[in-house]
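Shown next, in structure tokens, is the structure this report addresses.
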Amino acid sequence: MNSAVVLDNVSKRYRLYHERNDSLKSSFLNFRRGRYEEHWAVRDLSLEIPTGSTFGIIGENGSGKSTLLKCMARILTPDAGTIQITGKVSALLELGAGFSPELTGRDNVYLNGAILGLPRQVLDTKLDEIVAFSGLENFIDIPVKNYSSGMFVRLGFAVAINVDPDVLLVDEVLAVGDEEFQRRCEQKFADLRASGRTIVIVSHAMGTMRNICDQLAWLNQGRLREVGEPGNVVDDYVEEVHAAAGPPPDPEGGARWGSGEIIVDAVELVGADGAPRETTRTGDSVRLRLHYTAHKRVERPVFGVGVHRLDGIHITGPNTKQAGIELDAIEGSGHVDLVLDRLLLLPGTYDLSAAAYDWTLQHAYDHRHRFQRFEVERGQPAEEHGLVSLGGHWEQMTENVSRL
Amino acid sequence: MTTLSELASSRELLSNLMARELKGKYKRSTLGWLWSLLNPLATMAIFTVVFRLFLRIDPPVGSPSGLTNFALFLLCGLLPWNLLAAGMVEGAGSLVANAAVIKKVWFPRETIVLANVAALNVTFLIELAVLSVALLVVGNMVLPWLPVVLVLVALLSLFVLGLALALSVLNVYFRDVQYLLGIVMQLWFYATPIIYPVSLVESADFGRWERVVLTIYNLNPMVHFIGAFRDCFYNLRFPSASAWAVMVGVTAVSLAIGAFTFRKFTPRLAEEL
């Protein structure tokens, strides 16, 4: 098997300066440029990426994924080990890097193309394609400083993707532009894959990684933790992150807020048997039970729960007010249940949020964001694509029925 | 680091970066490119008034040309000096100015510095052309000397390139470099015979330090570069062999230091920026 990328014992070390000395004075006084600690972002990493495959790299923030990608892109130089790449490399790390604001879109296509290593003749023939891909036909002759950020990124993507690389390195830039543009990007990636190009992707979008990658590598603190079939690696990764996390991670940073008149004590998944559980199956009858304590009398509270996928997508967020229920004043402890006759979530891991608000929905008594996690296993309906099942069933109608 | 074939393929990039420098310069100003001529002309006018009229510095008589004109004498030194000054100052800031793209895309980094010096050369050549016309008007037949001037331009540009390469990476690690440069360039300017003829230094009375002072003065490579430009433009004579030896020598040293420093510091450029 041919390898497009061979990493042999690659290590990359960063210097973390305590007090960064950029000035000559301090360096003369200290006889060196500040004290620093060494941090190994990537350590003794060996990998072979087969030619023509789509290879994903996952890992938590700070695990060294992006550093590794930058080493492959030659932006960073490894401190030890070797990287061999066969063919032409193009990196989608930041779109439109190197655009010059005063120059027109057209000039920037040539400039950026040259930075990415495209000869002028090739750019001449590809210009129309690039402009069409970006959808900026009417704006190509105005300075890019007048572009919106969306236009800027689209043009950057259009140039970078048209470099026609043998090896394409992508760092979480798949989600740019509107839906139409996204569709075009996906199509372009599919074309590149079909034409036997090697693609290396770094991303947190586990669902996408599971679907589009042929192989996945999981990095943990700069070392290779696991490499193999995407489904297995994602499952192991999610399981470990889940286990290690204790309280589930909160990507937005503020896990809990509110004035505290009502406290959300817990939210749990209750099975048909009335017992709390952490795992259920698609199609099961369950309740999402929100336990609260009101330390003083609160009029007309509103309770709500939210279900999130691990990549942060908010799947649903029902509350009592929108359901048309006006609760009486509460005081003391109690619980409210969201009754689900059939849980239509697809197999996977989900986070629950729960909140108590006042009647205007403007004031939070207690909002706990993604603080409880549960698993959904394969059940009925046995679907696996998309976000949720719509719970439908199939009927087949034969059209040329011969009636005797 | 960078192989020759990569440098060759980055010619494309070089011309693009150069075009960016040139197109971006004076953009949105009404006079545009005229500014690149107006600037040295304004400096010339100011210096001529101050040093010729007020301080009464006499321009030397061109030998063998016989030309006596302070403004033209001044320009012959000022234009090459401007290439050096702009090349060093802009060169020193060039990598920092392009930090965004250096952190995100790989390409031979030296192209940025190279493009900077190359773009300055375009303006420099235009300025020299205007100077030549002015000299022809006052009767100095400079045309036969222009090929020699081109060789001088090439030498000076390589000398500047070497310095710019070294300064550009040093400035990434020590941002003081660009500020320090302001002082250094001022000192260097007055240590070079631009607004005064060398004869003034030679005839000055330094007592028993005379030999030492003159030796130190002549260690300044720009003394020889400016002298050579004046020989071709003002005096209409071939620069001396010793001047050529010094110019070729310092250019080689400057390029060697520049290339060495640049190579040593580029691997960690993206993380230090």
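The values are calculated or read from the model by the stated rules, or taken from the named source; none is laboratory data. As the structure is a prediction and not an experimental result, all values here were calculated from the model. Cβ coordinates were reconstructed from backbone atoms using ideal geometry, including for glycine residues, and neighbour counts include every protein chain displayed.
Could you check segment A:356-404 and list, in sequence order, the residues that are over 16 Å from A:Asp311 (Cα atoms), touching a Phe, Trp or Tyr at 6+ places or on another chain (Cβ under 7 Å) and in a strand (DSSP E or B)?
Passing the criteria: A:Ala356, A:Tyr357, A:Ala364, A:Tyr365, A:His367.
So if I check each of B:Arg56, B:Arg11, which one is under 28 Å from A:Leu103 (Cβ atoms) and either loosely packed, with under 14 Cβ neighbours inside 10 Å or over 20 Å from the mean Cα position of the chain (by Cα) (or both)? Full working, then the answer.
Working: B:Arg56 fails: under 28 Å from A:Leu103 (Cβ atoms).
Step by step, each of B:Arg56, B:Arg11 is checked, and only B:Arg11 is under 28 Å from A:Leu103 (Cβ atoms) and either loosely packed, with under 14 Cβ neighbours inside 10 Å or over 20 Å from the mean Cα position of the chain (by Cα) (or both).
Go through segment B:231-273 and count every residue that is free of Cβ contacts under 8 Å to residues at least 60 places away in the same chain and not in a helix (DSSP H, G or I).
Residues meeting the conditions: 1.
If you scan segment A:90-106, which residues turn out to be facing chain B (nearest Cβ under 7 Å) and more than 14 Å from B:Lys104 (Cα to Cα)?
Of everything in segment A:90-106, those that are facing chain B (nearest Cβ under 7 Å) and more than 14 Å from B:Lys104 (Cα to Cα) turn out to be A:Ser100, A:Glu102, A:Leu103.
Suppose the filter is closer than 26 Å to A:Asp191 by Cβ, outside the structural domain of A:Val5 (by TED's automatic domain parsing) and either assigned to a strand (DSSP E or B) or among the acidic types (Asp, Glu) (or both); does A:Glu94 pass it?
Details: closer than 26 Å to A:Asp191 by Cβ: yes; outside the structural domain of A:Val5 (by TED's automatic domain parsing): yes; either assigned to a strand (DSSP E or B) or among the acidic types (Asp, Glu) (or both): yes.
It is true that A:Glu94 is closer than 26 Å to A:Asp191 by Cβ, outside the structural domain of A:Val5 (by TED's automatic domain parsing) and either assigned to a strand (DSSP E or B) or among the acidic types (Asp, Glu) (or both).
What are the residues in segment A:107-149 that are crowded, with 17+ Cβ neighbours inside 10 Å, at the interface with another protein chain (Cβ under 10 Å from one of its Cβ atoms) and on the phi < 0 side of the Ramachandran plot, if any?
A:Asp107, A:Asn108, A:Tyr110, A:Leu111, A:Asn112, A:Gly113, A:Ala114, A:Ile115, A:Leu116, A:Leu118, A:Leu123, A:Pro143 - these are the residues of segment A:107-149 that are crowded, with 17+ Cβ neighbours inside 10 Å, at the interface with another protein chain (Cβ under 10 Å from one of its Cβ atoms) and on the phi < 0 side of the Ramachandran plot.
Identify, please: which residue in segment B:158-198 is over 19 Å from B:Lys264 (Cα atoms) and outside any helix (DSSP H, G or I) and is, among those, nearest to the other protein chains (Cβ to nearest Cβ)?
Among them, the one singled out is B:Ala191.
For segment B:104-132, which positions are in a loop (DSSP other than H, G, I, E, B) and either among the β-branched types (Val, Ile, Thr) or over 16 Å from B:Glu90 (Cβ atoms) (or both)? Before you say what the answer is, go through the steps one by one.
Pass one, segment B:104-132, residues in a loop (DSSP other than H, G, I, E, B): B:105-109.
Residues satisfying the conditions are B:Val105, B:Trp106, B:Phe107, B:Pro108.
Residues A:Ala294, A:Ala275: which one is loosely packed, with under 13 Cβ neighbours inside 10 Å, of a type in the set (Gly, Ala, Ser) and either over 19 Å from A:His369 (Cβ atoms) or modelled with pLDDT under 90 (or both)? Break it down stepwise before answering.
Values: A:Ala294 fails: loosely packed, with under 13 Cβ neighbours inside 10 Å.
None of the others qualify; the one that does is A:Ala275.
I need the strands (runs of 3 or more DSSP E) fully contained in segment A:285-327, keeping only those with at least 1 residues that are touching a residue at least 12 places away in the same chain (Cβ under 8 Å) and among the charged types (D, E, K, R). It would help to see each step written out before you state the result.
Working: elements: A:286-298, A:302-309, A:314-316.
It comes to A:286-298, A:302-309.
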